[in-house]
1. With a 10 Å cut-off between alpha carbons and a GNM built on the chain, which of T163, T38, T122 moves the most?
2. Enumerate the residues in the range 152-176 having an amide nitrogen under 17 Å from the point lying 7 Å beyond the Cα of N141 toward its Cβ.
3. Using modelled amide H (1.01 Å from N, peptide plane; none on Pro or chain starts), what sits under 5 Å from the amide H of Y109, excluding residues fewer than 5 places away?
4. What number, in percent, do you get for the relative contact order of the range 1-85 if the mean sequence gap of Cα pairs under 8 Å and at least 6 apart is divided by its residue count?
5. How large is ³J(HN,Hα) for each residue in the range 45-50, as worked out from phi by the Karplus curve 6.51 cos²θ - 1.76 cosθ + 1.60 (θ = phi - 60°), to whole Hz, x for Gly and Pro?
6. Between K45 and S150, what is the spin-label point distance in nm, taking each point 7 Å from the Cα along the Cα→C-beta axis?
7. Going through the range 36-71, which trypsin sites (Lys or Arg not before Pro) have at most 16 other Cβ atoms within 10 Å and a DSSP loop state?
8. Aspartates and glutamates within cross-link reach of K39: Cα-Cα under 14 Å, excluding same-chain residues under 8 positions apart?
Amino acid sequence: MGAPSYTDNVTVLAPYAVIKGESYRVSGASVAGLDLRTKVGAWLKLAIACGGSTALTAGAALYAKIYRCLNADGVNQMNGSLFFNGVHTAIGKVLINGAVDAGVKSIAYDGAAGTAFAAENTVCIWGTDTIPAASGAVVANHGVEFLNLSKGVASPCLFNTPTKYDHHDNEVITLASAWDLWLPGGSVYSLVADHLFDAAGEAMICAAYLQSFDSY
């Protein structure tokens with residue numbers, strides 16, 4: 001018996017902004033990584049983040065939803081059955097103070113807005129100094145990345161792992177949520193990024209990547 005076969009670092013959804021009151025959907029019908037009909041399964045890394053510091057009112061939140069689709073995401077009567085529902089409501093935003101190189105575990109930020117952060121928070125570094133005003137792919141000057149904080153109450157932010165990309169002055173860092181999900185094989189899946197807040201608030205960001213377990 002040979003070694004198990006994997007396909008690593010498959011892009012399901014490259015960093016994508018969704019403005020208030022809108023949603024965005026991808027599925028295995030259009031994204032090969034979400035078609036697991038011939039796979040044992042896959043580990044999905046899924047993350048979403050707020051786009052600023054405008055408070056989300058009661059009943060409003062940012063969602064990342066996973067659906068297990070019938071009929072290869074063709075016509076079926078069960079599009080409302082959720083496999084996973086990830087919710088994010090926390091807000092917090094800082095701006096990077098000065099350019100930093102990849103591979104650092106500490107980033108200084110401007111002012112005192114970092115009091116919105118705490119140890120063990122997940123944050124998103126957006127790769128840009130401007131929160132998108134329209135839904136669409138995030139155009140980053142440097143890479144978008146999601147990191148966990150070991151300290152964040154006062155500048156600088158300290159991360160558990162080093163950054164993967166260079167980052168520039170005034171680039172946005174906001175609070176985020178991230179999950180590792182096991183998707184059993186044999187099905188087609190879909191992903192929905194849903195910004196329920198339609199009264200105020202900045203765009204959310206969503207990204208997803210997976211490692212598929214192809215065969216034993």
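Computed from the coordinates by the stated procedures, all read-outs in this text should not be read as laboratory data. Quantities reported herein were computed from a predicted structural model and do not represent experimental measurements. A quick note on method: Cβ atoms are made from the backbone with ideal geometry, for glycine too, and the neighbour counts reach across all protein chains shown.
1. T38
2. Residues 165-174 qualify, since their backbone N sits under 17 Å from the label point.
3. Under 5 Å from the amide H of Y109: N97, C157.
4. Details: 49 pairs, mean separation 17.5, N = 85.
It rounds to 21 percent for the range 1-85.
5. 9, 10, 8, 9, 8, 6
6. Taking the simple label geometry, K45 and S150 are separated by 1.9 nm.
7. Working: sites: R37, K39, K45, K65, R68; in loops: R37, K39.
Of the trypsin sites (Lys or Arg not before Pro), the ones in loops of the range 36-71 whose Cβ has at most 16 other Cβ atoms within 10 Å are R37.
8. Within the straight-line limit of under 14 Å, K39 reaches these aspartates and glutamates: D8, D214.
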